[in-house]
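Enquirer: The following block contains the structure, expressed as structure tokens.
The values are calculated or read from the model by the stated rules, or taken from the named source; none is laboratory data. None of the values given here were measured: they were computed from a predicted structure. Virtual Cβ from ideal backbone geometry, glycine too; neighbours counted across all protein chains shown. Just the protein is used for accessible areas: all its heavy atoms, side chains included, with ligands, DNA and RNA removed. Shrake-Rupley method; radii C 1.70, N 1.55, O 1.52, S 1.80 Å.
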There are 2 protein chains.
Amino acid sequence: MFKELNPLLHSELRLGVMSILISADSADFTFIRKQTGATAGNLSVQLDKLSQAGYISIEKGYRGKVPRTTCRITEKGVSAFQEYVEALKSYIGKG
Amino acid sequence: MFKELNPLLHSELRLGVMSILISADSADFTFIRKQTGATAGNLSVQLDKLSQAGYISIEKGYRGKVPRTTCRITEKGVSAFQEYVEALKSYIGKG
DNA sequence: GTAAAGTAGTTTATTTTATAAACCAAAAAA
DNA sequence: TTTTTTGGTTTATAAAATAAACTACTTTAC
């Protein structure tokens, strides 16, 4: 009856991150932080989890002298997100 | 940008319970347990939380000699569910 | 009739997760 | 040159989900 909800995506902050990345192609730490309203610590932890799952890639570099962490969604991430949305529909209907 | 996800509803099992009750009007413990696949212990705890939040009402009675716990969604529960679904859309788009 | 197994749950303990607090390093500003 | 700001990470704490253990009663099998 109900499809399983991928627990890695069924988290407010991680879902927000994925939602941003699925339409933005790439986004940096600060941008994601502002859009989601998350604390830096929490965001750092959750980005790591998404990265370790292979759902996003994280590139650390510099913009001038300022460190800059850029995130991108992977193919695996895109399909995990899509499956999650499908699963959700078994709970909330077509809306 | 993103709407807040009511943490009481943003839980796989509790969301499943609410999803059942929003279309079934009333359902008993055993039925919900089978539909969701939850363990009895987990279901008991989560039903309590929904009940304490005023999202469902729980009526304990007997069917013959066998105890029977019947759940119903409340008005408050219906609107919380609807708001949750609206909030979700800010993350997943129209789908 | 009584021992064993099943039904319908609750309570408590454990694990996992999310979040917050504390911290670090470098750069810019005062 | 001390202070503040930016851009984070690491570690500790709080909250949540889940599982395990238990209770109470009923039915079935001997």
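Enquirer: Between B:Ser51 and the same site in the other copies, what are the distances in nm, shortest first, taking label points 7 Å from Cα along the C-beta direction?
Expert: For B:Ser51, the other copies' label points sit at 4.5 nm, shortest first.
Enquirer: Give the accessible surface of the range A:1-94 per residue, rounded to a whole number of Å², with probe radius 1.4 Å and ligands, DNA and RNA excluded.
Expert: Here the per-residue accessible area is 56 Å².
Enquirer: Something else now. Order A:Ile58, B:Ile20, A:Ile92, most accessible first, counting only protein heavy atoms with a 1.4 angstrom probe.
Expert: Most to least solvent-accessible, the answer reads A:Ile58, A:Ile92, B:Ile20.
Enquirer: Given 20 °C and 1.002 mPa s, compute D for the protein assembly as shown with the Stokes-Einstein relation, Rh being the Kirkwood radius over Cα pairs; round to the nearest whole µm²/s. Could the numbers behind the result be given before it?
Expert: Details: Rh = 18.1 Å.
Roughly 118 µm²/s, to the nearest whole number.
Enquirer: Here's a follow-up. Whole-Hz ³J(HN,Hα) for each residue in the range A:56-63, computed from phi via Karplus 6.51 cos²θ - 1.76 cosθ + 1.60 with θ = phi - 60°, x for glycine and proline: what do you get?
Expert: Each residue's phi maps through the Karplus curve to give 9, 10, 10, 10, 9, x, 10, 10 Hz.
Enquirer: For the range B:12-89, build the charge dipole from Cβ charges (+1 Lys, Arg; -1 Asp, Glu) around the Cα centre, then report which of B:Gly37, B:Ala24, B:Ala87 sits farthest towards its positive end.
Expert: B:Gly37
Enquirer: May I ask you to list the trypsin sites (Lys or Arg not before Pro) in the range A:1-68 that are in a DSSP loop and have at most 15 other Cβ atoms within 10 Å of their Cβ? Could the numbers behind the result be given before it?
Expert: On the way: sites: A:Lys3, A:Arg14, A:Arg33, A:Lys34, A:Lys49, A:Lys60, A:Arg63, A:Lys65, A:Arg68; in loops: A:Lys3, A:Lys65.
Those that pass, being in a loop and sparsely packed, are A:Lys3, A:Lys65.
Enquirer: Ballpark to the nearest 100 Å², how much total accessible area do A and B bury together, probe 1.4 Å? Provide the component values of the computation, followed by the final result.
Expert: Numbers: alone 6250 and 6250 Å², together 10650 Å².
Buried area between the two chains comes out at roughly 1800 Å².
Enquirer: In nm to one decimal, list the spacings between the A:Met1 label point and its equivalents in the other copies, with label points set 7 Å along Cα to Cβ, shortest first.
Expert: Label point to label point, same position, other copies: 3.7 nm.
Enquirer: Roughly how crowded by other chains is peptide A:31-43, in terms of the mean Cβ count from those chains within 10 Å of each of its Cβ atoms? Provide the component values of the computation, followed by the final result.
Expert: Numbers: counts 0, 0, 0, 1, 2, 2, 3, 0, 0, 0, 0, 0, 0.
Going residue by residue through A:31-43 and averaging, the value is 1.
Enquirer: Follow-up. Mind ranking A:Asp25, B:Asp28 by accessible surface for me, highest first, 1.4 Å probe? Don't skip to the answer; put the middle values down first.
Expert: Numbers: A:Asp25 105, B:Asp28 35 Å².
Listed by decreasing accessible area, they come as A:Asp25, B:Asp28.
Enquirer: Over 16 Å apart: what share of the alpha carbon pairs of the range A:12-90 falls there, rounded to a whole percent?
Expert: Here the tail beyond 16 Å accounts for 47 percent of pairs.
Enquirer: Work out the FRET efficiency for A:Tyr62 and B:Val66 from their Cβ-Cβ distance, taking R0 = 45 Å, and round it to the nearest 0.05.
Expert: Numbers: r = 69 Å, r/R0 = 1.53.
Efficiency, rounded to the nearest 0.05: 0.05.
Enquirer: Can you compute 3J(HN,Hα) from phi for each residue in the range A:30-41, using the Karplus curve 6.51 cos²θ - 1.76 cosθ + 1.60 with θ = phi - 60°, rounded to whole Hz and x for Gly and Pro?
Expert: 5, 4, 4, 4, 5, 5, 8, x, 6, 6, 4, x
Enquirer: Filter the cross-link list A:Lys34/B:Lys49; B:Lys49/B:Lys76; A:Lys49/B:Lys34; A:Lys34/A:Lys60; A:Lys89/B:Lys3; A:Lys65/B:Lys3 down to pairs whose alpha-carbon distance in this structure exceeds 23 Å. Don't jump to the answer; show the numbers that get you there.
Expert: On the way: A:Lys34/B:Lys49 32 Å; B:Lys49/B:Lys76 14 Å; A:Lys49/B:Lys34 32 Å; A:Lys34/A:Lys60 18 Å; A:Lys89/B:Lys3 18 Å; A:Lys65/B:Lys3 35 Å.
From A:Lys34/B:Lys49; B:Lys49/B:Lys76; A:Lys49/B:Lys34; A:Lys34/A:Lys60; A:Lys89/B:Lys3; A:Lys65/B:Lys3, over 23 Å: A:Lys34/B:Lys49; A:Lys49/B:Lys34; A:Lys65/B:Lys3.
Enquirer: Further question on the same structure: Taking the Cα centre of the protein assembly as shown as origin and charging only Cβ (+1 Lys, Arg; -1 Asp, Glu), how large is the dipole, in debye to the nearest 20?
Expert: Working: 26 positive and 18 negative charges, 32 e Å.
Value, rounded to 20: 160 debye.
Enquirer: Would you please give the FRET efficiency between B:Lys89 and A:Phe31, computed as 1/(1 + (r/R0)^6) with r the Cβ-Cβ distance and R0 = 22 Å, to the nearest 0.05? Don't jump to the answer; show the numbers that get you there.
Expert: Details: r = 22 Å, r/R0 = 0.99.
According to the calculation, E is roughly 0.50.
Enquirer: Sketch the reach of a paramagnetic label on A:Thr74 as a point 7 Å from Cα along Cα-to-Cβ, and name the residues of the range A:40-65 whose backbone nitrogen lies under 17 Å away.
Expert: A:46-60
Enquirer: Determine the share of chain A's accessible area contributed by carbon and sulfur atoms, expressed in whole percent, with a 1.4 angstrom probe.
Expert: Details: 2610 of 5330 Å².
Carbon and sulfur atoms account for 49 percent of the accessible area of chain A.
Enquirer: Could you tell me the center-to-center distance, by alpha carbons, between the range A:19-91 and the range B:43-95 in angstrom?
Expert: For the range A:19-91 versus the range B:43-95, the Cα centre distance is 32 Å.
Enquirer: Here is a follow-up. Which distances in nm, rounded to one decimal and ordered from shortest, link the label point of B:Lys65 to the equivalent label points in the other identical copies, with labels set 7 Å from Cα toward Cβ?
Expert: Spacings between copies for this position, smallest first, are 8.4 nm.
Enquirer: Follow-up question, since we're still on this one. Mind listing which GluC sites (Glu not before Pro) in the range B:1-91 are in a DSSP loop and have 15 or fewer other Cβ atoms within 10 Å? Mind showing how you got there, number by number?
Expert: Numbers: sites: B:Glu4, B:Glu12, B:Glu59, B:Glu75, B:Glu83, B:Glu86; in loops: B:Glu4.
Filter output for the range B:1-91: B:Glu4.
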